1. Determine, for Thr171, Thr101, Thr34, the number of other Cβ atoms within 10 Å of each Cβ, and report the residues in order from fewest to most.
2. Going by how many other beta carbons lie within 10 Å of each one, how would you line up Met178, Met192, fewest first?
3. Determine the sum of side-chain charges near Gly54: Lys and Arg each +1, Asp and Glu each -1, restricted to other residues whose C-beta is under 13 angstrom from that of Gly54.
4. With θ set to phi - 60°, apply the Karplus curve 6.51 cos²θ - 1.76 cosθ + 1.60 along segment 79-91 and write out the HN-Hα couplings as whole Hz, x wherever there is a Gly or Pro.
5. What residues have an amide H closer than 5 Å to that of Ala56, excluding those fewer than 5 places away on the same chain, when H is modeled at 1.01 Å from N in the peptide plane?
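Readers should treat all values here as calculations from the given coordinates under stated rules, not as data from a laboratory. Quick caveat: nothing in here was measured; it's all calculated off a predicted structure. Please note: Cβ atoms are built from the backbone with ideal geometry, for glycine as well, and neighbour counts cover all protein chains shown.
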Amino acid sequence: MESGQSMPGFDGTQVVANRAYNAAATSSRPVRLTGYILRGVVILLTFISAIVIGSAKEDVTYIVQNDNSIGTSSFHVLIKSTYSAAYVYFIVANVLVFFYTLISLVISLANRSGSSIMQLPLNIADILMVVLLFSSNGAAIAIDIVAEHGQSHFGWAKFCDDFYKFCSRITASIVLSMIASLAYTILIILTMIGLHKKSQ
């Protein structure tokens, strides 16, 4: 009788533990799914952003009235995103984030069990990618502001009035990359929340 009474108690403890484990696993599934979606969003946005700004260029023809004659002369001005070091940095950063996020998504899908061996390096790399994105966005925004408004203190004239298509592509690319940065930030916050729940 005593052994019969002790066994249900032991089994009951096991059932409670199993239920707690299943509840934790169930609650982490939406977080993992959200993480997969966010990584997919980052992959798409950084790819489009790099393509848009990498191919941004515009050729403008200026017609000038000659002072000493009735005729006119013309000259062409070609502008490309690769002429700016800040834009090149922006392109490289988005390409790096694109490839890293693609690889990390594959690793995350393969590591559905949530092994801590792979989780910690991914978390650190995610933070580095966010820093890289925000820094490259800041550099590109600084040049974009000068292009839009100029900088009279340094004698830099604005040129977006003449190169409207070029500046529009640059601005669109920066917006896409900023959204990717915010998506990565949300991903890191969700990861921190998940780690906090696991520690409890």
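1. Fewest-to-most ranking of Thr171, Thr101, Thr34: Thr34, Thr171, Thr101.
2. With the sparsest Cβ surroundings first, the list reads Met192, Met178.
3. In short, +3.
4. With coefficients 6.51, -1.76 and 1.60, one gets 10, 10, 5, 6, 6, 9, 5, 5, 5, 5, 4, 4, 5 Hz.
5. So Ala56 has HN proximity to Ser81.
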